[in-house]
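> Dumping the structure here so I can ask a few things about it.
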Amino acid sequence: MATGWVCHELYFWHDTGHYASVFPASLTVEPGVHAENPQTKRRLRNLVEVSGLLDHLTLIRPRAATEDELARFHTRAHIARIKAGSAKIKGDDEGMTPYGQGSYEIACLSAGGTIAALDAVIGGKVANAYALVRPPGHHALADQGMGFCLFGNVAVAIMHARAVHGIGRVATVDWDVHHGNGTQAAFYDEPEVLTISLHQDLLFPPDSGRISEQGSGAGEGANINIPLPAGSGVGAYRAAFERVVIPALRKFRPDLIVVPSGFDASGADPLGRMMMTSDGYRQLTRMLMDAAAELCGGRIVFSHEGGYSEMHAPYCGLAVLETLTGRRTGVTDPWQEPMMAWAGHELLPHQEAVIGQAAELVGRIR
Ligand code: 3YP
Ligand code: ZN
């Protein structure tokens, strides 16, 4: 069965304005581009086409999430505020989330594209799916945009799947370099949704993503944070998967796995300080697919989050898509060899210590 692919030109029209990285242009900050500009994701889409892989993907048409669908997670006030702000020339939600004309509609299409990907996998139309959506979603809170995210795409899609399809248990594995705080918050007291986030320790949001955040009430034990030290490479990520993520999935036994998929743990990313390679993402994808095959009929959906290396992130995305489809395109990532020649890809003791602490949480999953 095929791999589903969600993309839409409008995702690239979400306008984050004139910034220099995340800093507003001013008389002393020359206007440039915002870190979360269309280019990285557009280049991934283009590489998928040029590699020939696009011909082997099943296109899934995104639709706009409705206000009621957003409201499963978000407050009506938050939805109305983004809608009003996006009708003006320029909006800026609290928490570093600039947006422009039409961004409300595009953000609805981003959440709705993730919904469409889950629907296609749950409905058996495709084996697995990748939604290349924009704006991203994993930082958005119920009542507030944050960190380039307006609506919680993955949270909204999981709530839809559970409400409409009666899907019971869902696990998320967020490998974006930043903490998936919004997805965590959405299900913090929900025992049937296991949220796992691997991220660079204390990068963003501030003071967020500690191992001690483990869920509350009935959801106690159903949130796992793996805050890896800056500088972690492929060995640390592999060990975190082997010792924490995969055992946690086995213990939890999900009916569906969803991956908030950012490529900002890339060794070339300007906002992260990790050393992941495209082949590293290939290996992690393989491990997740094997777990999905063992536990939930192979059902796994990826929804795009961050990743800001225009030049490297597209190869990371292609590696994931090649793995999902079981096809090699013959494209070689020019970064792969030089990046693997950097020191520090093996698992180091200070990384192992964190992974060991996180591994102790697996036993507490119900
Ligand atoms: C938000 C403001 C500074 C860092 C930035 C992180 C956005 C992101 O890629 N989240 O996954
Ligand atoms: Zn990120």
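Every number in this text was worked out from the coordinates using simple rules, so none of it is lab data. Just so it is clear, the model here is predicted, and its values are computed rather than measured. Methodologically, a virtual Cβ is constructed for each residue, glycine included, from the backbone with ideal geometry; neighbour enumeration extends over all protein chains shown.
> What does the highest-first list of 345-352, 188-195, 112-119 look like by mean Cβ count within 10 Å?
Working: 345-352: 15.5, 188-195: 21.5, 112-119: 27.0.
Highest-to-lowest ranking by the protection proxy: 112-119, 188-195, 345-352.
> I'd like to compare 51-58, 167-174: which one has the highest average count of other Cβ atoms within 10 Å, and what's the full order after that? Walk me through the numbers on the way to the answer.
Numbers: 51-58: 16.2, 167-174: 23.9.
Going from most to least packed, we get 167-174, 51-58.
> Using the crude model of +1 on Lys and Arg Cβ and -1 on Asp and Glu Cβ, and no other charge, please compute the dipole size for segment 68-226 relative to its Cα centre, in debye to 20. Walk me through the numbers on the way to the answer.
Numbers: 11 positive and 17 negative charges, 104 e Å.
Dipole magnitude for segment 68-226 comes out near 500 debye.
> Shifting gears a bit: Could you grab the relative contact order for the chain? Cα pairs under 8 Å, six or more apart, rounded to a whole percent.
Answer for the chain is 18 percent.
> Mind checking which of Val50, Val22, Val154 has the largest fluctuation in a GNM of the chain, springs on alpha carbons under 10 Å?
Among Val50, Val22, Val154, the largest GNM mean-square fluctuation belongs to Val50.
> Continuing with the same structure: Within 10 Å of each residue's Cβ, count the other Cβ atoms and sort Trp5, Trp175 from fewest upward. Let's see the in-between values first.
On the way: Trp5 24, Trp175 30.
Lowest to highest Cβ neighbour count: Trp5, Trp175.
> Taking neighbour Cβ counts within 10 Å as the exposure measure, how do Lys88, Lys125 sort from fewest upward?
Working: Lys88 9, Lys125 14.
Fewest-to-most ranking of Lys88, Lys125: Lys88, Lys125.
> Subtract the Cα-Cα distance of Glu337 and Leu202 from 0.36 nm times their separation in residues, and report this length gain in nm to one decimal. If you can, show how the numbers build up before the last one.
Values: separation 135, 0.36 × 135 = 48.60 nm, distance 2.91 nm.
Result for the pair: 45.7 nm of gain on full extension.
> Please list, in chain and number order, the residues 5+ apart from His199 or on another chain whose amide H is under 5 Å from its amide H, with Hs placed from the backbone.
Result for His199 returns Ile226, Leu228.
> Okay, next question. Eight or more residues apart or on different chains, and alpha-carbon atoms under 27 Å: count the Lys pairs in the chain matching that. Write down the numbers at each step before the final one.
Values: Lys41/Lys83; Lys41/Lys88; Lys41/Lys90; Lys41/Lys125.
The result is 4.
> Would you calculate, for the chain, the mean residue ellipticity at 222 nm contributed by helices, counting each DSSP H stretch of 4 or more residues as -39,500 (n - 2.57) and dividing by all residues, to the nearest 500? Before the final figure, lay out each step's value.
On the way: 12 runs with 128 residues, N = 366.
About -10500 deg cm²/dmol.
> I would also like to ask the following. For Asp68 and Ser216, what does the FRET efficiency come to when R0 = 30 Å and r is the distance between their Cβ atoms, rounded to the nearest 0.05?
On the way: r = 26 Å, r/R0 = 0.88.
FRET efficiency, Asp68 to Ser216: 0.70.
> For segment 266-366, state what percent of all Cα-Cα pairs lands in each successive 10 Å bin, counting from 0 Å until the bin that includes the largest distance.
Computed distribution, short to long bins: 13, 36, 37, 14, 1.
> Rounded, prolate or oblate: which fits the chain when a ≥ b ≥ c are the square roots of the eigenvalues of the alpha-carbon gyration tensor, with rounded for a/c under 1.5 and prolate only if a/b beats b/c? Intermediate results must be reported in sequence, preceding the final value.
Values: a/c = 1.21, a/b = 1.11, b/c = 1.09.
It comes out rounded by the Cα gyration axes.
> Ala230 to Ala353: FRET efficiency via 1/(1 + (r/R0)^6), r the Cβ-Cβ distance, R0 22 Å, to the nearest 0.05?
Values: r = 14 Å, r/R0 = 0.66.
After rounding to 0.05, the efficiency reads 0.95.
> What is the diffusion coefficient of segment 191-262 in µm²/s, taking the Kirkwood radius over Cα pairs and the Stokes-Einstein relation at 37 °C with a viscosity of 0.692 mPa s?
On the way: Rh = 13.1 Å.
The diffusion coefficient I find is 251 µm²/s.
> If you rank Leu284, Leu361 by fewest surrounding Cβ atoms within 10 Å, what's the result?
On the way: Leu284 26, Leu361 22.
Sorted ascending by nearby Cβ count, the order is Leu361, Leu284.
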